[in-house]
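Chemist: Sharing a structure below in structure tokens format, with a few things to ask.
Every read-out reported here was derived from the displayed coordinates using simple, explicitly stated rules and does not represent laboratory data. A quick note: this is a predicted structure, and the numbers were derived from the prediction, not measured. With ideal geometry, Cβ positions are generated from the backbone for all residues, glycine too; neighbour counts draw on all protein chains shown.
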Amino acid sequence: MEELDRVILQNRFLKIFDEKISDERDGKEALRDWLTGDECDFFTAPASTRYHGNYPGGLCEHSLDVYDMAVRLTETFSEEIRRRYLVLNRPYNRQDFMESLAVACLFHDLCKVNFYTMRTRNRNAAYVVDEQLPFGGHGSKSVYILSKYLKDLKDEEAIAINCHMGFSRSEDNSLSIGDSFYYSPLAWIVHTADSAATFLLDRSAEEE
Ligand SMILES: [Fe+2]
Ligand SMILES: [Fe+2]
């Protein structure tokens, strides 16, 4: 990815962050300061070492891909989502849902911040894992990091992030993943969007 494209993605991410997440959210500013500060490599990090988004800016690009896929899924299933909350006997407000969708999608892979480093061997540079915070889980680590800044993280946002890997990584969930998806349409949307962004989009750097 060209540096200019990386900056364009960063600006788009911050625009969605600024516009879709309410200023009332406790810790929004602290989260933004951390994201854009020197301690955090979110906007330059890759999304993986060898697979999707394995280049600088890959993590931000993937997070935006998941957001875009989730918005599309929400449009497709808008009526089912509304009815599902009715059945669950929980209030549904589309604007709040879209805010939670932005929170969960933009930050579902926060566990990959300060997680990769570039190493050169035999003149070949490649990303390797260099874990700075060995928390253990994948989704749960993202929830933990996000909650350090966003103090009013909602239950469904935390569930959606924790369960975003679905059945492929269930160590973060003591119940069946299905129970979480039954409880939270948001969680199912975020998981499905992550899966679509990972497996349907061509986001790999070419192998040398
Ligand atoms: Fe993930
Ligand atoms: Fe992801």
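Chemist: Let me make sure I get this right: for the range 1-47, a, b and c are the square roots of the gyration tensor eigenvalues over alpha carbons, sorted descending. Under 1.5 in a/c it's rounded, otherwise prolate if a/b > b/c, else oblate. Which is it?
Modeler: On the way: a/c = 3.05, a/b = 1.59, b/c = 1.92.
It is oblate, given that a/c is not under 1.5 and a/b is not larger than b/c.
Chemist: A further question on this structure: Work out, step by step, the length gained on full extension between THR117 and VAL87: first 0.36 nm times the residue separation, then minus their alpha carbon distance; give nm to one decimal.
Modeler: 6.2 nm
Chemist: Quickly rank 38-47, 25-34, 188-197, 127-136 as a protection proxy: mean count of other C-beta atoms within 10 Å, highest first.
Modeler: Per-residue mean Cβ counts within 10 Å order the peptides as 188-197, 38-47, 25-34, 127-136.
Chemist: Which cross-chain or sequence-distant (5 or more) residues have an amide H under 5 Å from the amide H of TYR116, H modelled 1.01 Å from N in plane?
Modeler: Long-range HN contacts for TYR116: ASP130.
Chemist: Something else about it: Can you tell me, using C-alpha contacts under 8 Å and at least 6 residues apart, the relative contact order of the range 3-199 as a whole percent?
Modeler: Relative contact order for the range 3-199 comes out at 24 percent.
Chemist: How do the peptides 88-98, 140-150 rank, highest first, by the average count of neighbouring beta carbon atoms within 10 Å per residue?
Modeler: The packing order, highest mean first, is 140-150, 88-98.
Chemist: If the elastic network links every pair of Cα atoms under 10 Å, which of THR36, THR120, THR74 fluctuates the most in the Gaussian network model of the chain?
Modeler: THR120
Chemist: A follow-up question, please. Once the Cα atoms of helix 185-199 and of the chain are each reduced to a long axis, what angle between those two axes, in degrees from 0 to 90 to the nearest 10, is obtained?
Modeler: Roughly 30 degrees, rounded to the nearest 10.
Chemist: What angle do you read, to the nearest 10 degrees and between 0 and 90, between the alpha-carbon axis of helix 58-76 and the longest principal axis of the chain?
Modeler: In the chain, helix 58-76 runs at an angle near 20 degrees to the longest axis.
Chemist: How would you rank 54-66, 101-113, highest first, on the average number of other Cβ atoms within 10 Å across their residues?
Modeler: 101-113, 54-66
Chemist: Taking the chain as the reference, fit the longest principal axis to its C-alpha atoms, fit the long axis of helix 139-149 to the helix C-alpha atoms, and give the angle between the two in degrees, 0 to 90, nearest 10.
Modeler: 90
Chemist: Right, another one. Return the Rg/Rh ratio of the chain with Cα-based radii and a Kirkwood Rh.
Modeler: Radius of gyration relative to Kirkwood radius: 0.96.
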